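Nothing in this text is a laboratory measurement; each read-out follows from the coordinates by a stated rule. Please read all numbers here as calculations on a predicted model, not as lab measurements. When we count neighbours, we look across all protein chains shown, and the Cβ atoms used for this are built from the backbone with ideal geometry, even at glycine.
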Amino acid sequence: MIRFIIPLIAVILFFLEPVFSLFSPISIADVSYTLVPRFVIVYLIFITAYYGRKRAILYGIILGLLYDMYHIDIIGVYTFLYPVICYFAALIIRQIHRHIITVMLLSLAMVALLELMSFFFASLIALTAIGFEEFIVLRLMPTMVANSIFVGMFGYLFKRLIDELGMQKAGI
């Protein structure tokens with residue numbers, strides 16, 4: 001039962017992302033800001049930090065493939081990006097303390113990296129028409145604010161849950 005809880009939460013977060021996307025774009029003073037919820041990658045970073053790199057990369061491949069199939073037209077973008085982000089997070093987390101604040105900040109940095117990499121990929125194959133400055137102001141900054149709120153609300157919960165499930169699995 002324990003081993004199904006972590007992937008179950010990941011799947012629930014996967015299905016919640018499009019629900020929260022319905023609140024976007026937000027118009028303020030005739031300017032539309034796009035908020036992109038990145039709940040899954042945040043959760044994958046917490047799995048990377050507190051449960052294990054290999055498990056997070058495996059979940060990243062599976063959830064990235066699902067994301068590609070259901071949300072975008074090109075298969076392989078998020079199937080590649082999710083595990084790469086988890087791998088980068090694992091390299092960084094080895095060098096720093098796994099304190100909840102550092103993992104929260106790391107997850108936000110990885111969300112920014114994911115957004116930048118997806119923007120550069122979309123620009124490379126001409127899927128987007130906005131410039132880099134517009135991307136930063138109209139999409140990246142609002143996305144970071146929205147995901148900061150999410151990380152602040154659920155980061156500690158994710159840590160506790162993953163820690164407790166990891167201890168139960170280890171028999172401690």
In a Gaussian network model over the chain where Cα atoms closer than 10 Å are linked, find which of Leu108, Leu22, Leu140 has the largest mean-square fluctuation.
Leu22
Place +1 on the Cβ of every Lys and Arg and -1 on the Cβ of every Asp and Glu in the chain, take the dipole about the Cα centre, and give the residue among Leu8, Val36, Leu108 whose Cα lies farthest towards its positive end.
Leu8
Rg/Rg_globular for segment 1-102, with Rg_globular taken as 2.2 N^0.38 Å and Rg from C-alpha atoms:
1.18
With Kirkwood's inverse mean 1/r over C-alpha pairs for Rh, give me the Rg to Rh ratio of the chain, two decimals please.
0.97
State to the nearest 20 debye the size of the charge dipole of segment 88-172 about its Cα centre, where the only charges are +1 on K and R beta carbons and -1 on D and E beta carbons.
360
Charges only on Cβ, +1 for Lys and Arg, -1 for Asp and Glu: so what's the dipole of segment 26-147 about the Cα centre, in debye to the nearest 20?
740
Most fluctuating of Ile162, Ile136, Ile85 in the GNM of the chain (C-alpha, under 10 Å) is Ile136
What number, rounded to the nearest 500 deg cm²/dmol, is the helix-based mean residue ellipticity at 222 nm of the chain, given -39500 (n - 2.57) per DSSP H run of at least four residues and division by all its residues?
-25500 deg cm²/dmol
